[in-house]
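Peer 1: Structure in structure tokens, see below.
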Amino acid sequence: QVQLVESGGGLVQTGGSLTLSCAVSINIFEFNVINWFRQAPGKEREFVVSINVGGRTNYADSVKDRFTIYRDGSKNTVYLRMNSLKPEDTAVYYCRADILSRYYWGQGTQVTVSS
């Protein structure tokens with residue numbers, strides 16, 4: 001059974017940094033792509049960043065140059081390093097692992113950026 005568990009969220013001031021983790025129950029290289037999404041209160045869930053099996057990354061414009069996705073295959077974990085955080089980054093952050101048309105979601109971790 002595929003399980004994804006996010007952690008690392010919390011409260012941080014504007015300009016601060018956080019690193020989120022997405023621990024996966026199986027080999028992360030079994031997936032075509034692993035993504036981070038986020039959902040702010042009252043808004044739809046939005047794409048943040050992805051990394052494919054070959055290591056290619058794709059960032060939303062809103063986080064480019066501030067966020068970095070990386071992975072540790074030995075730990076089956078994908079990370080999201082977030083720098084220069086802004087209040088508008090406040091959201092629940094979810095990771096999603098894709099195998100072709102099958103999507104597996106984690107439960108999310110809350111990130112709150114205070115102004």
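Peer 1: Averaging sequence separations of C-alpha pairs under 8 Å and six or more residues apart, then dividing by the length of region 18-115, give the relative contact order as a whole percent.
Peer 2: Numbers: 190 pairs, mean separation 31.5, N = 98.
This gives 32 percent for region 18-115.
Peer 1: May I ask you to derive the FRET efficiency for residue 17 and residue 60 from their Cβ-Cβ distance with R0 = 22 Å, giving the value to the nearest 0.05? The partial results should precede the final answer.
Peer 2: On the way: r = 18 Å, r/R0 = 0.82.
The calculated FRET efficiency here is 0.75.
Peer 1: Oh, and also: Starting from the 7 Å offset along Cα-to-Cβ, what nm value, one decimal, do you get for the label separation of residue 101 and residue 44?
Peer 2: If labels sit at residue 101 and residue 44, their model points lie 2.1 nm apart.
Peer 1: Placing unit charges on C-beta atoms (Lys and Arg positive, Asp and Glu negative, everything else neutral), compute the dipole magnitude of the chain about its Cα centre in debye, rounded to 20.
Peer 2: On the way: 12 positive and 10 negative charges, 16 e Å.
Value, rounded to 20: 80 debye.
Peer 1: Using a 1.4 Å probe, what is the accessible area per residue for the chain, in Å²?
Peer 2: Accessible area per residue: 53 Å².
Peer 1: Take every DSSP beta bridge whose two residues both sit in the chain, then give the antiparallel share in percent to the nearest 5.
Peer 2: So the antiparallel bridges amount to about 90 percent of the total.
Peer 1: Then there's this: Under 20 Å Cα to Cα from residue 43, which lysines show up? Leave out anything in the same chain fewer than 8 places away.
Peer 2: 86
The values are calculated or read from the model by the stated rules, or taken from the named source; none is laboratory data. No experiment lies behind these values; they were computed from the predicted model shown. Heads up, the Cβs are rebuilt from the backbone with ideal geometry, glycines too, and the neighbour counts pull from every protein chain shown. These area figures cover heavy atoms from the full protein model, side chains too; ligands, DNA and RNA do not enter into them. Shrake-Rupley method; radii C 1.70, N 1.55, O 1.52, S 1.80 Å.
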